[in-house]
Structures are given as C-alpha cells and as structure tokens.
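S.K.: Would you mind keeping the following structure in view while I ask a few things?
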Amino acid sequence: MNILIMGTGYVGVTTGLVFAELGWNVTGLDPDQKKTQSLSQGELTFYEPGLNTLLREHLQSGRIRFTSEPEMAVRDSNIIFLCVGTPSDRDGNADLQFIRQASESIGRYMQEYKVIAIKSTVPIGTNHKLSQWITNAQTVPVPFDVVSNPEFLREGSALHDALHPDRIIIGCESDHAIDVMKTLYEKIQSPFFVTKPKTAEMIKYASNAFLATKISYVNELSRLCENIEVNISDVAEGMGMDHRIGPHFLRAGIGYGGSCFPKDINAMLYMAKQYGAELSILEKVIHVNQTQYSHYLKIWEQKLGTFRDKKIAILGISFKPDTDDLREAPSISIIEHLLESGAAIRVHDPAAKLPPDLLSEQLLQVDLLEEALEQCDAIILCSEWEHYKKADWTRLKALMNQHFVFDGRNVLDGNQMTILGYHYYGIGRHLH
Ligand SMILES: NC(=O)C1=CN([C@@H]2O[C@H](COP(=O)(O)OP(=O)(O)OC[C@H]3O[C@@H](n4cnc5c(N)ncnc54)[C@H](O)[C@@H]3O)[C@@H](O)[C@H]2O)C=CC1
Ligand SMILES: O=C(O)[C@H]1O[C@H](OP(=O)(O)OP(=O)(O)OC[C@H]2O[C@@H](n3ccc(=O)[nH]c3=O)[C@H](O)[C@@H]2O)[C@H](O)[C@@H](O)[C@@H]1O
C-alpha cells in the first residue's frame, strides 16, 4: 500500500516516518517547497529528538520521499492522511481552509478508490464536510471512504508517542476502511477503539481539554498552597498515587502553552456556543491559564523589589522542553511584561530562537547559559530543559549579581539551591 501524507509539519513528518518504520511506502506532500526540499535532503524544519536519524535512514531505504506536486502523489496513493494545520480563526473556531484545499486536490486528482484519514484536529462534523468537498471537486465520480483518526502525540516525544500510543481511535462507518486502518497499524501494540466519526472527533478535543483542565486545576491549587505553606508538588504526588487520578499532567507551573491546548479549547468553546451548550469549566481553565504567569510575576517582583533596571535571565523559552516551538509559550508573555516593567533581559534556550524583530538592546538572546547569567539579578526558568537541571549551580552562582531564582516549572532542587545561597522561589512551593 502507498501512503500519502498531506502536510509535513510535526504530525505529518512523524506519522510518515512511523509508517516508513512499519514497512510501508510513504510520500510526504506539502505546498511549501522549502520544507519538502529540506526534508528530501534529510533536514527537519523543526527540532524534535530522534526524528532526524529516522528521516535519513528512510530516505536512504527509499521508504519515504517528499514532493510539492499533488497530482502524481494523489494518483499513486491508496491511503491519504491529512496532517495539515487547523489554526484558530478570529472567532476561536478551527480554520479549515487547509483541510478544504487538501480535500479539493484529492477530489481533482484521484482516479480510483482511496481511504482518506483525517489526523488533523478538526471540529465535530468535519469528516462529513470533507466527503462533500472531495465529491464536489471530482470531475467523474470515484468512490472513497473517510476515516477520523486523531493523533495524540506530544512535541518533544513525538516519535515515542506515535510508536507507542495508548489507543488508536478510528471513526468510520465503512468496514472495508476499518480493515485497511487495522492492517496499516497492525505492528503497533495498542488497543483500537472503533467508533462513529463524530465521536472520534470529539474524543480528541475532549482529551486535550481534560489534560489542560488537570493542569489548570493544580495551577489554581498552587496559589492556595502558596498561602498555607504547603508544597503543591507534594500534594500532586500524593493525589497522583490514587490510580483513579493518576500522576500525569499534575505538574504546577507558569501555565500550559503550545500549538494545541489553547487553540483546541477555544475551538471547543466555539462549538459549544454553536450548539447552544455551556462549557463553563473550560472557560475557567483558560482564565486560570491566562492569569497564572502574571500571578507569579507579581509575587516574584515583590521578592526582588522591582523589575525596573534589573537584569533578568530567562531560561527556556519554548512552550516545553525538547522542542523549538514558541507558539503560545508563557515565556513570551513574561518577556513582554518584563520589557514593560523596564527590565533588561537575556534569553537562553537550547533550541528555540526568538524572532529577530523582537530583539533589541533591552532584549538579547545568547548562546551560552553563562552569558545569560553574567551580572544578572534574577533567573526566571520558563521551560524545564535537562540542560538547566544538570547545570553546575555552584559554579554559576559566582557569575550573578543577585541570586534570585524564580523556578516557573518547579524543577530545580529548591533545598539544594537554598543551601548554595540562592533565594529560590518556585510555584506553590514550600521548602522543607
Ligand atoms: N503539533 C502537535 O504536537 C500535534 C498536532 N495535532 C494536530 O495536527 C494538525 C497538524 O499540526 P502540526 O503538524 O503541528 O501543523 P504544522 O503547522 O506544523 O504543519 C502543517 C503543514 O501542512 C501544510 N499544508 C497546508 N496546506 C496543505 C495542503 N493543501 N496540502 C498539503 N500540505 C498542506 C503546511 O504547509 C504545513 O507544513 C493540527 O490540526 C494539530 O492540531 C495533533 C496532535 C499533535
Ligand atoms: O493535540 C496536540 O497537539 C497534543 O497536545 C498536547 O501535547 P503538546 O502540546 O505537544 O505537549 P504537552 O506535553 O501536552 O504540554 C503542553 C503544555 O502543558 C504544560 N504542562 C504539561 C504537563 C503538566 O503537568 N504541566 C504543564 O504545565 C507544558 O509545559 C506545555 O506548556 C497533548 O499532550 C497531546 O496528547 C496532543 O496530541
């Protein structure tokens, strides 16, 4: 079977490489020629551990290739995966323009039966719309089946997540297409959950929203813990030992970011309004997330006295470690606030780069951790890269002017940092 992957971003490249690894022939299609050329030369266009090696391996084995020419790519495929972006539009709804364009080129160029699987995160009912768009673009009727097959990988661990999913969701009403999907995935050890297309679409949104809810819940609790001298990390650990709650996604911090949680929750709220329902919990989840970083900045500013004319080192700007993705990263809001407060900022990140137009005399990005800390008054740690956990904080202390450490991800050993002479503050964290 020949698999066509439409969209060569995070999800498209990871999905394509996973299928190549499982032994299928894969073509990655993207109108962005810079991306397809770079990928054809074995260079990823984003940072993601493990993918570069696999890309080079499968370019060499001939199991994967990339193109920007849709006609032959669509014609030669048996199965097509839609992995195009579904960003927020102005009203918070998911913008389906890329899904629509992709479905129109499928309809235009297909000449025989195909299974078309939607991996992109799409609003309830998109499976049905896609069928209509494909049919309308066909010049002669050709049969096809549409499957909703949402993706649950995380950036930073994309390959592992895609190879070892907790479940494979298949939303489809055609027995033949369900069998095709099961054959494709047969070498992956994972339960299949076969359901209706709309249910599959809802499972994806509901899962992301639930994970974000867990985070906002502990983040709001962290504010109470701050006042009652209780450590939120201990509370989360104790809660997580109950298997009904589970230990994951209970790490308090400066808030969730990324290309998915914020956009997907907005899309859910939009859908709820459209269908006359209320999702009041999710409205609060957003509110807590939007106020979490500013709540802590206020506390930290009081500890420091003022941010004005202070030198602040921002460590980790990506929305989470092991990615260079800055979309909706809380670090960006923190940097904006500090600039308004008159601080001078030096930013360090092992992979992510601030856009050059943001940089100024007041805001510099440096390559070495030492350069960021040189003469600084305070550190704000925004994403928990290993690089910072493993740093030699005994040696680094001598570089700083004042020794305030504001750990926005609760990852440094606060007791040890205090022993070393730092003024350490985390999120809802009371030291023993
Ligand atoms: N980034 C992530 O970790 C995850 C993302 N998702 C969902 O997967 C979808 C894709 O996400 P990303 O890979 O992050 O997006 P992305 O923005 O990194 O990549 C999307 C790609 O689609 C391409 N594209 C646009 N129109 C096209 C067309 N007509 N034909 C072929 N390619 C086209 C774009 O040029 C771009 O390279 C979104 O719906 C997202 O919500 C789901 C799970 C995880
Ligand atoms: O639909 C998507 O795109 C993906 O969105 C998230 O994946 P991702 O955004 O890549 O990364 P996460 O590990 O979920 O982290 C998201 C944000 O939550 C924050 N987070 C996570 C966990 C936690 O305990 N606390 C916390 O603040 C992270 O720092 C980060 O800013 C989901 O975890 C994936 O299952 C989903 O496929």
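S.K.: Compute the projected area of the convex hull of the Cα atoms of region 1-83, averaged over all viewing directions, and report it in nm² to one decimal place. Show your work: numbers first, answer last.
M.R.: Values: hull surface 18.2 nm².
Averaging across all directions leaves 4.5 nm² for the Cα convex hull.
S.K.: Ok, one more. Give the residue from Gln274, Cys260, Pro247 lying farthest towards the positive end of the charge dipole for region 204-284; charges sit on Cβ (+1 for Lys and Arg, -1 for Asp and Glu) and the dipole is referred to the Cα centre.
M.R.: It is Gln274.
S.K.: Any idea what log10 I(q)/I(0) is at q = 0.11, 0.13, 0.19, 0.22 Å⁻¹ for region 291-425, Debye with uniform C-alpha scatterers and no solvent?
M.R.: -0.33, -0.47, -1.10, -1.57
S.K.: A further question on this structure: Enter the Cα centre distance for the pair region 288-343 and region 3-43, rounded to the nearest angstrom.
M.R.: Between the Cα centres of region 288-343 and region 3-43 lies a distance of 35 Å.
S.K.: Once the other residues with Cβ under 14 Å from the Cβ of Thr394 are scored (Lys, Arg +1; Asp, Glu -1), what is the net sum?
M.R.: It works out to a net charge of 0.
S.K.: To check you understand DSSP bridge types, tell me what percent of the beta bridges within the chain (both residues inside) are antiparallel, rounded to 5. Each step should come with its number before you reach the end.
M.R.: Values: 2 of 47 bridges.
For the chain, the DSSP antiparallel bridge percentage is about 5.
S.K.: Might you work out the accessible area of Cys376 for me, using a 1.4 Å probe with all protein chains in place, and round it to the nearest 10 Å²?
M.R.: Approximately 0 Å² for this residue.
S.K.: Okay, next question. Taking a ≥ b ≥ c as the square roots of the Cα gyration tensor eigenvalues, with a/c under 1.5 meaning rounded and otherwise prolate when a/b beats b/c, else oblate, which class fits region 267-356?
M.R.: Details: a/c = 3.13, a/b = 1.67, b/c = 1.87.
Note, shape of region 267-356 comes out oblate.
S.K.: Select from Asp392, Asp357, Asp179 the residue whose mean-square fluctuation is largest in a Gaussian network model of the chain (Cα-Cα springs shorter than 10 Å).
M.R.: Asp357
S.K.: Right, here's the next one. Enter the angle in degrees (range 0 to 90, nearest 10) between the Cα long axis of helix 330-340 and the first principal axis of the Cα atoms of the chain, meaning the one along which they spread out most.
M.R.: 50
S.K.: Determine the relative contact order of region 204-284: mean sequence separation of Cα pairs under 8 Å and six or more apart, normalised by residue count, in whole percent. List each step's numbers first, then the result.
M.R.: Values: 61 pairs, mean separation 28.7, N = 81.
Relative contact order comes out at 35 percent.
S.K.: I would also like to ask the following. Quick check: convex hull of the Cα atoms in the chain, volume per residue, rounded to a whole Å³?
M.R.: Working: hull volume 66.1 nm³, N = 432.
Hull volume over Cα atoms, normalised by residue count, gives 153 Å³.
S.K.: Please return the longest range in the chain lying between exposed loop sites, taking GluC sites (Glu not before Pro), DSSP loop only, at most 13 other beta-carbon atoms within 10 Å, and leaving the sites out. Intermediate results must be reported in sequence, preceding the final value.
M.R.: Values: sites that count: Glu43, Glu112, Glu186, Glu229, Glu278, Glu361.
Longest stretch, sites excluded: 279-360.
S.K.: For Ile215, Ile116, give me the order by solvent-accessible area with a 1.4 Å probe, most accessible first, ignoring ligands, DNA and RNA. Before the final figure, lay out the partial values.
M.R.: Working: Ile215 20, Ile116 0 Å².
Ranked list, largest accessible area first: Ile215, Ile116.
S.K.: Here's another thing I want to ask about it. Quick one: if the Förster radius is 35 Å, what FRET efficiency do Gln274 and Gln101 give, using the C-beta to C-beta distance and rounding to 0.05? Provide the component values of the computation, followed by the final result.
M.R.: Values: r = 23 Å, r/R0 = 0.66.
That gives a FRET efficiency of 0.95.
S.K.: Report the accessible area of Met202, computed with a 1.4 Å probe over the heavy atoms of all protein chains in place, in Å² rounded to the nearest 10.
M.R.: That residue has around 80 Å² of solvent-accessible surface.
S.K.: When the chain is fully extended, how far beyond the present Cα-Cα distance does Glu340 get from Lys284, taking 0.36 nm per residue of separation? Can you show the working numbers first?
M.R.: Details: separation 56, 0.36 × 56 = 20.16 nm, distance 2.69 nm.
In short, 17.5 nm is gained.
S.K.: For the chain, what is the mean residue ellipticity at 222 nm derived from helices alone (per DSSP H run of n ≥ 4: -39500 (n - 2.57); sum divided by total residues; nearest 500 deg cm²/dmol)?
M.R.: Details: 17 runs with 188 residues, N = 432.
Calculated at 222 nm, the ellipticity per residue is -13000 deg cm²/dmol.
S.K.: Stretched out fully, how many nm does the piece from His423 to Glu57 gain, at 0.36 nm a residue minus the Cα gap?
M.R.: Full-extension gain reported as 127.0 nm.
S.K.: In vacuum, with every alpha carbon of region 2-195 counted as one equal point scatterer, what does the Debye formula give for log10 I(q)/I(0) at q = 0.10, 0.11 Å⁻¹? Two decimals, please.
M.R.: Results for region 2-195 at q = 0.10, 0.11 Å⁻¹ read -0.37, -0.45.
S.K.: Okay, moving on. Please build a GNM for the chain, connecting alpha carbons under 10 Å apart, and tell me which residue among Thr15, Thr139, Thr195 fluctuates the most.
M.R.: In this elastic network of the chain, the residue with the biggest mean-square fluctuation among Thr15, Thr139, Thr195 is Thr139.
S.K.: With every protein chain left in place, what is the accessible area per residue of the chain in square angstrom, probe 1.4 Å?
M.R.: Details: 20180 Å² over 432 residues.
It amounts to 47 Å² per residue over the chain.
S.K.: Of the heavy-atom accessible surface of the chain (probe 1.4 angstrom), what whole percent is carbon and sulfur? Don't skip to the answer; put the middle values down first.
M.R.: Working: 10130 of 20180 Å².
Result for the chain: 50 percent of the exposed heavy-atom area is carbon or sulfur.
S.K.: Relative to the present Cα-Cα distance, how much length would full extension add between Gln302 and His160 at 0.36 nm per residue of separation? Walk me through the numbers before you get to the answer.
M.R.: Working: separation 142, 0.36 × 142 = 51.12 nm, distance 4.19 nm.
Roughly 46.9 nm would be gained on extension.
S.K.: Also, I was wondering about something else. Taking the Cα atoms only, what angle lies between the long axis of helix 10-21 and the longest principal axis of the chain, rounded to 10 degrees?
M.R.: The helix 10-21 is inclined about 60 degrees to the chain.
The values are calculated or read from the model by the stated rules, or taken from the named source; none is laboratory data. Note that the structure is predicted; figures quoted are calculated from it, not measured. We place every Cβ from the backbone using ideal geometry, glycine too, and count neighbours over all the protein chains shown. Remember, those area values only see protein heavy atoms, side chains included, never the ligands or the DNA or RNA. Shrake-Rupley method; radii C 1.70, N 1.55, O 1.52, S 1.80 Å.
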